[in-house]
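All remarks here apply to the structure that follows.
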Amino acid sequence: MGKFCAKCGSELTVGAKFCPKCGAPTSKNENGKRVLNNKKQVSSRKIIERKEEKLSTVEKIVLGVAAFIALTGFFGGLSESMWIAAIVSFLAMAAIIAVFNGSIEKKYAWTTAICTFFAVCLAIGLSSPNESSKKFEAIEDGRAAYYLDSTKYENSDIQKLDLIIMYEGNSRKDCKAMGINSEGKSFQENGKWEKRDMPNMSSRYIYILTFNYFNLIIRDDSVVCYYRGSAKDKDAIYTAWSKGNIGKIRDLSESKERERARVFQKKVEEDKPISGSKDVSVVKSKIGHTVWTYTSNYGNPTGWWYRLKFNGSTCDVYSALPKNGEWKFEYSSPYSVVEKRLDDGKRYVFVYLKYSRDTDGSMYEPPFPIGINITEGSFIQGALGAVGFIDERDYKWD
C-alpha cells in the first residue's frame, strides 16, 4: 500500500523525509523509521477538522429558521396526508442536522438553508390538493355555509352573492341566498334545493336551488350557475349549466360566515326604506342616496308624473307624461329636512326643495315648495299640498 502525507494527503515515495508537495516532514516510529499515514488516516483527520469549524451566529439563525420551516412542513404534511411534503421536510431536517454536527461542511450552511426553504415550499405546493379538482357534495343531515370565488356576475342580473346556506334535516331541504341585486339593494331569499342526476351531461349530478325570483345550479365541479325561470324546464337548466357561470362555490367557516353576515346586515340597514321614518337624523343620513317617483293616476291634478333623484345635498327633478314613456330633466335644487307637527298633533318629517322653475325658465324660491312627507309617504305639489302617495323607488317603463 502506498504512503501518503499526513498533512495534504499527497502520495510519497519510499524513504521520503519531506512531502514533495507541501514540504511537511514525515514522522518516525520508536525505531527511527519513517511512519506515513494512508488515505484512511487523512480522511479521518479532515472530518475532525470540519467538526472543529465553528458556525457563525448568522448561519445558526438561518439554519434555525430553515429547520423551523422543515419541521412545520413535516408535521403539516403528516396531518394533511401530504406525504411528499412530509418526506422532503424530513430529509431537509436531516441535512440541517448534518451541518450542525459537521457531517456537511460549514461552507454549505447557506446553501442547505436556501435549498430547504425552496424544497419544502415546492413539495407543499405539489402535495396540496387542487381546489379546482374537488367535487362538490352538499352536507347530509346538517347545515353548511358557502361563498363564491372566481366570480363573474355578467351572466346574471345581480351584482353580488355574499352567502349561500344549505340545510338538510327533518325531511326538509332548505336554502338561503344573500346578496346585492341589480339596483344595488341587498336581498335575502329563502328557497328549496334538490340533487338531480344528469346522466346525459358531463356533470354526473347537479344541485338546483330554487328561490322566488331566480334559481342557482351547483355543478359537481363546484361551478355555480344562475338563471331565471322554471326549475323543471330542462332547456333552461341546460342553458344555465353551460352559459350561466357566476363563480365557484367554496366552504365557509363559522367565523367567516358570522363576519359576512355582519357586513350583510349592515348593508340591509343602509338599504332599509326611510319612508315612514319620524327620525330627522335618519332621513338626513339616507335621503341623499334615494330616488322617489310620484306616479299616481287617480286624484293627480296635473296629469304629470314626477321623479326626484337625491344626490348628496341636491335633488334632480324630472317629470313625464305617462304616455311618453320617459323622464324629462327639469332642474336641480338644494333641499332641507325638517320636522314639524300637523293639525292632528303628530310629528312628521318633511323634505322640501328650495327652488322651483318658473314658466319663463328662471329659478325662484316658492312660498309653498315641492316636497315629500317622508313619514306619511305623500307627494306635496307646492301650493296644492299633498296630492298622492310617492314611492321610494325608481319607476321604469316596461
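The values are calculated or read from the model by the stated rules, or taken from the named source; none is laboratory data. What you are looking at is a predicted structure, and each value in this text was computed from that prediction instead of being measured. Virtual Cβ from ideal backbone geometry, glycine too; neighbours counted across all protein chains shown.
Structural remarks
- For first residues located in region 95-108 and basic (Lys, Arg), partners that are in a helix (DSSP H, G or I) and modelled with pLDDT of 80 or more and lie 6+ apart or on another chain with Cβ distances below 9 Å form the pairs Lys106/Glu59; Lys106/Val99.
- If the condition is being of a type outside the set (Asp, Glu), surrounded by fewer than 18 Cβ atoms within 10 Å (Cβ to Cβ) and either part of a loop (DSSP other than H, G, I, E, B) or on the phi > 0 side of the Ramachandran plot (or both), then region 357-376 contributes Thr359, Gly361, Ser362, Pro366, Pro367, Phe368.
- When region 259-318 is filtered for residues that are polar (S, T, N, Q) and either free of Cβ contacts under 8 Å to residues at least 60 places away in the same chain or in a helix (DSSP H, G or I) (or both), the ones remaining, listed by number, are Gln265, Ser281, Ser285, Asn297, Asn311, Ser313, Thr314.
- Count - residues of region 232-249 that are in contact (Cβ under 8 Å) with a residue 24 or more places away in the chain, closer than 17 Å to Asp157 by Cα and among the hydrophobic types (A, V, I, L, M, F, W, C): 4
- When Tyr348 is tested against (1) out of contact with any Phe, Trp or Tyr (no Cβ under 7 Å at 6 or more places or on another chain); (2) assigned to a loop (DSSP other than H, G, I, E, B), just one condition goes unmet, and that condition is (2).
- Of all residues in region 290-318 being farther than 20 Å from Phe329 by Cβ and of a type outside the set (Gly, Ala, Ser), the one that is modelled with the lowest pLDDT: Tyr298
- Residue selected from region 241-258 under the condition in a loop (DSSP other than H, G, I, E, B) and either among the small types (Gly, Ala, Ser) or not assigned by TED's automatic domain parsing to the domain that holds Ile218 (or both), by the criterion surrounded by the most Cβ atoms within 10 Å (Cβ to Cβ): Gly244
- Among the residues listed as Ile208, Ile287, Ile274, the single one being outside the structural domain of Ser313 (by TED's automatic domain parsing), at pLDDT 90 or above and over 22 Å from Met166 (Cα atoms): Ile274
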